[in-house]
Amino acid sequence: MSFDREVKELENVQKDGVDKVFTMYLNTDPSDPGQQGGKWEINLKNALRNFETYLKEGENEEELKSFQTVKEKVKAYIQENKQDLGKGVILFASADDDIWFAKRVQMKVETAMYWQRTPQLDQLRTLSETFPKSGIILVQQDKVKIMDTDLNRVQDTFYYELDIDTDDWRMKQGPRKASVSMGVGEPNVQKDNLKARYEANKQRWYKKIAPKLDKHAKDKKWEKIFIVGVAEASNELVDQMNKPVDEVIQKNMLDQDESKVLQEVFR
């Protein structure tokens, strides 16, 4: 199920009786000075304990059982993903298993938790507007890398490389390795020849890969598209694509760490 559809379903949730929805926004950012020493673990433990104490004092045994069921689900999820929580966790859960939404995100969230009839979605809406589902297309002459992102986290990555002998773009599996196709490690004369060939054919080459990029945009339901690359390559790619491009960042970042790319795009 797509993220947008999940959010729309959450907007329609309203529980009755002892069944409630637990909402959690948890700041787990290790670079946050306020989170030093694993403070997020203390915040989570205290919040869960406070909810439990409140319900015990209210002498509502059925609602207390519901909360305790959810509490165990939350603790299990956090324990399972403790080594890769990112900067924050967004979670919605109910005891009857009707509601379960858990995302580890790479942007700052403000720690807050709720136990009520409806999910508390304000912070999620703000974050989804700031970091929409996006496609980041990095181009470097005969190479293209696609980052499918949601809430500032990479969901999937695709690599294409041009075979200049056949003029076909081929998808590469696994991490991209350095290629000699555009002259890496070759004599200068051969590099110059390849550069000249690129100049003569770039429009035709990018025209051939543009439909593949448009299809990714459609299939992944990107709300925004960013192209990152030197001016010559990125501008030509924009001209060949049918899908509108929201921003062009004229930097060669194809070989950069993905976290740096995200920081540059969503700066």
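The values are calculated or read from the model by the stated rules, or taken from the named source; none is laboratory data. Just so it is clear, the structure is predicted and the values come from calculations on it, not from any experiment. Don't worry about glycine lacking a Cβ; one is built from the backbone with ideal geometry, like all the others, and counts go over all protein chains shown.
Structure notes:
- Residue within the stretch 56-68 that is touching a residue at least 24 places away in the same chain (Cβ under 8 Å), assigned by TED's automatic domain parsing to the domain that holds L26 and small (G, A, S) present: yes
- Residue list for the stretch 47-60, restricted to those being surrounded by 11 or more Cβ atoms within 10 Å (Cβ to Cβ) and of a type outside the set (S, T, Y): A47, L48, R49, N50, F51, E52, L55, K56, N60
- Residue count, the stretch 94-111 (criterion: of a type in the set (K, R) and modelled with pLDDT of 95 or more): 0
- Residue, surrounded by the most Cβ atoms within 10 Å (Cβ to Cβ), within the stretch 165-204, restricted to residues that are modelled with pLDDT under 75 and under 25 Å from S134 (Cβ atoms): R176
- Screening D142 with (1) within 19 Å of the chain's Cα centre (by Cα); (2) more than 24 Å from E11 (Cβ to Cβ); (3) among the acidic types (D, E) gives one miss only, at (1).
- Given (1) modelled with pLDDT of 95 or more; (2) in contact with a helix residue (DSSP H, G or I) (Cβ under 9 Å, 6 or more places away or on another chain), index of the condition T69 fails: (2)
- Within the stretch 96-107, residues that are farther than 22 Å from K15 by Cα and outside the structural domain of G86 (by TED's automatic domain parsing) reach no partner that is surrounded by fewer than 18 Cβ atoms within 10 Å (Cβ to Cβ) and not aliphatic (A, V, I, L, M) with beta carbons closer than 9 Å at six or more positions or on different chains.
- Among (1) modelled with pLDDT of 90 or more; (2) basic (K, R); (3) under 28 Å from the mean Cα position of the chain (by Cα) - the single one K56 does not satisfy: (3)
- All positions within the stretch 239-264 that are assigned to a helix (DSSP H, G or I) and either touching a residue at least 60 places away in the same chain (Cβ under 8 Å) or more than 18 Å from the chain's Cα centre (by Cα) (or both): D239, Q240, E258, S259, V261, L262
- Among the residues of the stretch 76-85, those identified as surrounded by fewer than 15 Cβ atoms within 10 Å (Cβ to Cβ) and not in a loop (DSSP other than H, G, I, E, B) are A76, Q79, E80, K82, Q83, D84.
- Residue under evaluation K15, criteria (1) part of a helix (DSSP H, G or I); (2) surrounded by 18 or more Cβ atoms within 10 Å (Cβ to Cβ), criterion not met: (1)
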